[in-house]
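Notes to accompany the following structure.
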Amino acid sequence: MIPAEILANETVVAIGIPVLIFCARVADVTFGTMRIIFVSRGLRMLAPVLAFFEILIWLAAIGQVFANLTNIYNYLAYAGGFALGNYVGILVEEKLAMGIALVRIITQFDASELLEKLKSTGFGTTVIDGHGKHGQVKLIFVVVKRKDLPAVLGLVNTFNPHSFYTIEDVRMARGGIFSKQEKKPLRGAFRFGRKGK
């Protein structure tokens, strides 16, 4: 008969190691996803820090997989942690809402009320007259902090609900006018843009 201590130890290895691998993969892939996003946004100081912890955690996870090659649950935990880590990384990045975005609005209708509201709220706008399939249109460009996107889109949906708009990430911006409600941008390596006068 197998002693209870040995059975308990085998249970910890059979269940605890896969859980550890799963959590480690979620953590390292989350860091990896955020690192890639930070690199694309030009955050050169944050990306290496995340890369260090990403690979450190990954080494711990892969070490446990190779140490227990006969446990199929290790493989499932490794793959499951990888999948969930991608999702969590994107969620974390969205919550941080770092960086700047360009909102391009095209409207066929009178946009004066929308423009006035954007300006009074503190958002800088650039307006160009254009011609679309159905006639004259207004092209409105607004460069905003990503955390201010819901406010801008709320104004668009309120005052010109049928307008067409696109959103693009901006790697870098210099000068310009941003919302009066936002805090002073960080300087140096963490600078996303400079508040205009």
* Listed residues Ala24, Ala83, Ala61; which is farther than 26 Å from Gly154 by Cα, at pLDDT below 90 and part of a helix (DSSP H, G or I)? -> Ala61
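Across segment 137-154, which residue is modelled with the lowest pLDDT among those that are surrounded by 19 or more Cβ atoms within 10 Å (Cβ to Cβ) and assigned to a helix (DSSP H, G or I)? Outline the logic, then answer.
Applying the first criterion (surrounded by 19 or more Cβ atoms within 10 Å (Cβ to Cβ)) to segment 137-154 yields 137-138, 140, 142-146, 148, 152.
The next check asks that each one be assigned to a helix (DSSP H, G or I); those that pass are 146, 148, 152.
Details: Arg146: 84, Asp148: 88, Val152: 92.
Among those residues, the one meeting the criterion is Arg146.
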* To do: Sort out which residues of segment 155-168 are polar (S, T, N, Q) and exposed (fewer than 11 other Cβ atoms within 10 Å of the Cβ), and write them in order of number.
  => Thr166
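Yes or no: segment 117-130 includes at least one residue that is touching a helix residue (DSSP H, G or I) at 6+ places or on another chain (Cβ under 8 Å), farther than 30 Å from Phe22 by Cβ and basic (Lys, Arg). Quick ask: steps written out before the conclusion?
Just the residues of segment 117-130 that are touching a helix residue (DSSP H, G or I) at 6+ places or on another chain (Cβ under 8 Å), to begin with: 117-118, 121, 123, 125, 127.
Applying the additional criterion that residues be farther than 30 Å from Phe22 by Cβ yields 117-118, 121, 123, 125, 127.
Next, only the ones that are basic (Lys, Arg) stay: 117.
The answer is yes, given that some residue of segment 117-130 is touching a helix residue (DSSP H, G or I) at 6+ places or on another chain (Cβ under 8 Å), farther than 30 Å from Phe22 by Cβ and basic (Lys, Arg).
Just name the residue that is modelled with the lowest pLDDT out of those in segment 87-125 that are farther than 30 Å from Gln136 by Cβ and surrounded by 15 or more Cβ atoms within 10 Å (Cβ to Cβ). Explain how you work it out, then say what you get.
Quick first cut of segment 87-125, residues farther than 30 Å from Gln136 by Cβ only: 87-99.
Now restrict to residues that are surrounded by 15 or more Cβ atoms within 10 Å (Cβ to Cβ): 88-89, 93, 98-99.
On the way: Val88: 92, Gly89: 88, Glu93: 80, Met98: 73, Gly99: 76.
Here the answer is Met98.
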* To do: Give me the pairs, please: first residue somewhere in segment 30-49 and assigned to a loop (DSSP other than H, G, I, E, B), second residue anywhere and crowded, with 21+ Cβ neighbours inside 10 Å, beta-carbon distance under 7 Å, and either six or more positions apart or on two chains.
  => Arg41/Gly99
* **Condition met for Ile128 (closer than 18 Å to Ile167 by Cα, surrounded by 14 or more Cβ atoms within 10 Å (Cβ to Cβ) and β-branched (Val, Ile, Thr))** => no
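The values are calculated or read from the model by the stated rules, or taken from the named source; none is laboratory data. Quick caveat: nothing in here was measured; it's all calculated off a predicted structure. With ideal geometry, Cβ positions are generated from the backbone for all residues, glycine too; neighbour counts draw on all protein chains shown.
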